[in-house]
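Enquirer: Below you'll find the structure I mean.
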Amino acid sequence: MGYRNIRTSDISGKVLDDDQVITVVVRGLGKLFDASAEELEGLKRLTNVVEVELRHADGKEESFIVSKADFDKVVTSDVLANADNIRGRRNGFTPKTS
C-alpha cells in the first residue's frame with residue numbers, strides 16, 4: 001500500500017500539484033504558509049528598498065525596510081565595500097593556531 005500527500009493552499013484550500021506550491025515565509029511574524037503563484041499575484045513588490053536587520057547588544061533583533069535613497073544617505077558605498085559578509089569570518093580575523 002502506498003500513501004499520497006495532497007498539498008492544498010492555505011489561502012483558498014484548493015488542491016495544488018507539487019510543482020505549483022509556493023511556501024511563503026512572513027519573517028516579521030515568524031510564520032509560513034503554502035499558496036499558488038496565482039493567489040499571490042496581488043502582492044505588489046517594492047523596488048529600490050533595502051532590508052535592514054539590527055542586532056542590539058542586549059540580544060534584541062529588529063528588521064525593517066527603508067528606501068534605498070534614505071539608506072544611501074546614512075551608509076556610504078565605502079562602508080559597504082569594506083563591510084564583512086554575513087557568511088564566514090569577519091574581515092581581518094585569523095584563528096589562533098597552537
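Enquirer: Considering amide H positions built from the backbone, and no H for Pro or chain starts, which residues 5 or more places from residue 10, or on another chain, come under 5 Å of its amide H?
Expert: Residues meeting the criterion, in which the H sits 1.01 Å from N, are 34, 35.
Enquirer: Taking just the alpha carbons, could you work out the radius of gyration and Dmax for the chain, both in angstroms?
Expert: In Å, with Rg to one decimal and Dmax whole: 20.7, 63.
Enquirer: Right, something else. List the GluC sites (Glu not before Pro) in the stretch 3-98 that DSSP assigns to loop (not H, G, I, E or B) and whose Cβ has at most 12 other Cβ atoms within 10 Å. Which are they?
Expert: Passing sites in the stretch 3-98 are 41.
Enquirer: Here's another thing I want to ask about it. Counting other C-beta atoms within 10 Å, and keeping those with at most 15, which DSSP coil chymotrypsin sites (Phe, Trp or Tyr not before Pro) do you find in the stretch 22-98?
Expert: Sparse-neighbourhood loop chymotrypsin sites (Phe, Trp or Tyr not before Pro): 93.
Enquirer: Which distance in Å, rounded to a whole number, links the C-alpha centroids of the stretch 68-98 and the stretch 22-51?
Expert: Their Cα centres are 28 Å away from one another.
Enquirer: Which trypsin sites (Lys or Arg not before Pro) in the stretch 20-73 pass both tests, a DSSP loop state and at most 14 other beta-carbon atoms within 10 Å?
Expert: Answer by residue number: 44, 45, 60.
Enquirer: If you build a Gaussian network model of the chain, linking Cα atoms that sit under 10 Å apart, which residue out of 18, 70, 78 swings the most?
Expert: Comparing 18, 70, 78 in the GNM, the peak value goes to 78.
Laboratory data are not the source of any read-out in this text; all were calculated from the coordinates shown. Please read all numbers here as calculations on a predicted model, not as lab measurements. A quick note on method: Cβ atoms are made from the backbone with ideal geometry, for glycine too, and the neighbour counts reach across all protein chains shown.
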